[in-house]
1. With the requirement that a residue be open to solvent by less than 10 Å² (accessible area, probe 1.4 Å) and closer than 16 Å to Ala76 by Cα, what does the stretch 119-134 give you?
2. Please pick out the residue among Ala116, Ala84, Ala111 that is of a type in the set (Gly, Ala, Ser), at pLDDT 95 or above and on the phi < 0 side of the Ramachandran plot.
3. Restricting the stretch 5-23 to residues that are open to solvent by 80 Å² or more (accessible area, probe 1.4 Å) and under 14 Å from Ala76 (Cα atoms), which is modelled with the lowest pLDDT?
4. Restricting to the stretch 135-175, and then to whatever is assigned to a helix (DSSP H, G or I), more than 30 Å from Ala111 (Cβ to Cβ) and in contact (Cβ under 8 Å) with a residue 60 or more places away in the chain, can you tell me which residue is least open to solvent (accessible area, probe 1.4 Å)?
5. Looking at Glu70, Glu91, which is the one that is open to solvent by less than 50 Å² (accessible area, probe 1.4 Å), among the acidic types (Asp, Glu), part of a loop (DSSP other than H, G, I, E, B) and at pLDDT 90 or above?
6. Report yes if some residue within the stretch 31-49 is under 30 Å from Thr170 (Cβ atoms), touching a strand residue (DSSP E or B) at 6+ places or on another chain (Cβ under 9 Å) and of a type in the set (A, V, I, L, M, F, W, C); otherwise report no.
7. Examine the stretch 142-152 for a residue that is closer than 25 Å to Leu89 by Cα and within 12 Å of the chain's Cα centre (by Cα), and state whether such a residue exists.
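The values are calculated or read from the model by the stated rules, or taken from the named source; none is laboratory data. Note that the structure is a prediction, hence the values are computed from the model and not measured. Ideal geometry is used to build each Cβ from the backbone, glycine not excepted, and the neighbour counts take in all protein chains shown. Surface areas here come from the heavy atoms of the whole protein model, side chains and all, with no ligands, DNA or RNA. Shrake-Rupley method; radii C 1.70, N 1.55, O 1.52, S 1.80 Å.
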Amino acid sequence: ADVAPPELVVMDFSSPMALDPVAPGWRHRRFLTRAPMDISFAEKDGRAAIRLATDNSASMLFRHVDVDLELYPVLAWQWLVEQAIDSPLDELTREGDDHPARLFNSFRTEAGERHAMEIIWGNRLRRGEYKYIGGFPHYVANGGAENVGSWQNEEINLLAIYREIWQEGTAVSITDIGLFCDT
């Protein structure tokens, strides 16, 4: 009988790690046009957490991985958004493409093709919806002002979402996962 593989933890923030410079295996990607997000460790509602804060700033904290999505199709995490983005801009447009929390994911197919997408906290978009900015896919895992201020336990079938976006049947691995805040 097939036995499910054990849980694989790719990001663990139960104890602080080095941030300047970042711990081995991690990368803090900064953008030329913006100040970086503020990264710190905190305890929130009794849970150890990494805290990302932005104020007209943006950056990404990446972890390089090599995980076969056929073996590990489910991505699970917890997040707490402290402040919603209340903007009149349409979040389906580049101008309105600000979200309080994102998970950036890059993939490599068996044939060596590369793809990337983001899992986002929607402002008005709802769980299960997609948006594309310049052809770049975003999947809404959660969102809305009603969910701000409390921990949200998420679990998505990342392989199914990948296949819905790219509609290909080849083997695929996730190669990077990143925490991304941009406001």
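1. Ile119, Ile120, Trp121 - these are the residues of the stretch 119-134 that are open to solvent by less than 10 Å² (accessible area, probe 1.4 Å) and closer than 16 Å to Ala76 by Cα.
2. That would be Ala116, the only listed residue that is of a type in the set (Gly, Ala, Ser), at pLDDT 95 or above and on the phi < 0 side of the Ramachandran plot.
3. So the residue we want is Pro6.
4. So, considering only residues that are assigned to a helix (DSSP H, G or I), more than 30 Å from Ala111 (Cβ to Cβ) and in contact (Cβ under 8 Å) with a residue 60 or more places away in the chain, the one least open to solvent (accessible area, probe 1.4 Å) is Asn147.
5. When all the criteria are applied, what remains is Glu91.
6. There is no residue in the stretch 31-49 that is under 30 Å from Thr170 (Cβ atoms), touching a strand residue (DSSP E or B) at 6+ places or on another chain (Cβ under 9 Å) and of a type in the set (A, V, I, L, M, F, W, C).
7. Yes: one or more hits.
Yes/no matrix, rows are residues, columns are (1) closer than 14 Å to Tyr162 by Cβ; (2) of a type outside the set (S, T, N, Q); (3) touching a Ser or Thr at 6+ places or on another chain (Cβ under 8 Å):
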site: Ala48; (1), (2), (3): no, yes, yes
site: Asp68; (1), (2), (3): yes, yes, yes
site: Gln78; (1), (2), (3): no, no, no
site: Asp90; (1), (2), (3): no, yes, no
site: Thr109; (1), (2), (3): yes, no, yes
site: Arg114; (1), (2), (3): yes, yes, yes
site: Met117; (1), (2), (3): yes, yes, no
site: Arg124; (1), (2), (3): no, yes, no
site: Lys131; (1), (2), (3): no, yes, no
